[in-house]
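Below: one structure, written as structure tokens.
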Amino acid sequence: MTDRPLAGKTAFISGSGRNIGRAVAVQLAGLGANVVINGTSNRQACEDTAGLVHAQGTESLIVMGDMGRAEDIAAMSKAALDRFGTIDILVNNAAIRPHKPFLEMDESDWHSVVDTSLTAAFRTMQAFLPGMVDKGWGRIISMTGMKAIKGYFEGAPISAAKHGIWGLTKALATEFGPHGITANAVSPGQTLTEGRDGTDPKKLASIPAGFMGDPEDVAAAVTFLASPASRFVNGQMIGVNGGQAT
């Protein structure tokens, strides 16, 4: 692998203003990729990510919008394609994770989660796959999490959406593998995102490694899957969870 194996390629990363999305943006930029950065409302966070991307010597584009809204995705996809021509690497990272008793939910509760986590992936895949097919190369990487491995108490739409992402990933791997495109998923475990306590003994006891991961740990798996070195990895879900789920 060269030092900049993704030079000339462009990545679109939803939810990349902070935390795991930001770490992914910086690491992909470090491999030479230009990055389209997305956030819903915190423009400054996206600007900060863009600064880190530029420090790696690549270009960025900030597209603000709600990944749960079809019209926002259409506008952001158009802006990305107008600027860079194609998106070579798609990272579906945006998600919301509210918890609520199932019988207290209404349809808006359901759709706010599913539209952001699952339907958004469908929409971005449809927007960017044609360019990947034309070039005969592409990487689709979607975040699932341990909610794609088991059900969670009072988290029905989250588990449903993440299981759906896993199913969609497997389906696309078979359909687009012959076109030089891989589709894989990354399942983060407990990760030290902003505002999270990394010293909670009860949480740490559930992780065989004995510590929570950093966003950079998750980004490392994404970066590998985005690289040419992963060409024979397709239709897989890689857990980055310290052994909590195997």
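Observations on the structure shown:
- Between residue 211 and residue 179, the FRET efficiency estimated from the beta carbon spacing at R0 = 51 angstrom works out to 0.80.
- Rounded to the nearest 20 debye, dipole of the stretch 137-246 from Cβ charges on Lys, Arg, Asp, Glu: 320 debye
- A simple spin-label model places pseudo-atoms 7 Å from Cα toward Cβ; at residue 3 and residue 48 they are separated by 2.9 nm.
- Taking the charge dipole of the chain about its Cα centre, with +1 at Lys and Arg Cβ atoms and -1 at Asp and Glu Cβ atoms, the residue from 198, 65, 213 reaching farthest to the positive side is 213.
- For the peptides 210-222, 53-65, residues were scored by their other Cβ atoms within 10 Å and the scores averaged per peptide; the highest-first order is 210-222, 53-65.
- Within a straight-line Cα-Cα reach of under 17 Å, residue 135 can be paired with the following lysines, leaving aside sequence neighbours fewer than 8 residues apart in one chain: 9.
- Spin-label model, residue 41/residue 237: points 7 Å from Cα along the beta carbon direction are separated by 3.0 nm.
- Accessible surface, per residue, of the chain when the full set of protein chains is kept, probe 1.4 Å, Å²: 45 Å²
- For the chain, carbon and sulfur atoms together expose 54% of the accessible surface, with a 1.4 angstrom probe and every protein chain in place.
- About its Cα centre, the dipole of the stretch 61-114 is roughly 240 debye, where the only charges are +1 on Lys and Arg Cβ and -1 on Asp and Glu Cβ.
- Options 94, 157, 140, ranked by Cα towards positive dipole end of the stretch 74-177, top entry (Cβ charges): 140
- Other-chain or far-sequence residues with amide H under 5 Å of residue 94's (modelled H): 14, 15
- Rounded to the nearest 20, the size of the Cβ-charge dipole of the stretch 1-70 about its Cα centre is 120 debye, with Lys and Arg at +1 and Asp and Glu at -1.
- Exceeding the 24 Å Cα-Cα cut-off - candidates 100/202; 78/150; 170/202; 78/170: 78/150; 170/202; 78/170
The values are calculated or read from the model by the stated rules, or taken from the named source; none is laboratory data. Computed from a prediction, not measured in an experiment: that's the story for all the values here. We place every Cβ from the backbone using ideal geometry, glycine too, and count neighbours over all the protein chains shown. These area figures cover heavy atoms from the full protein model, side chains too; ligands, DNA and RNA do not enter into them. Shrake-Rupley method; radii C 1.70, N 1.55, O 1.52, S 1.80 Å.
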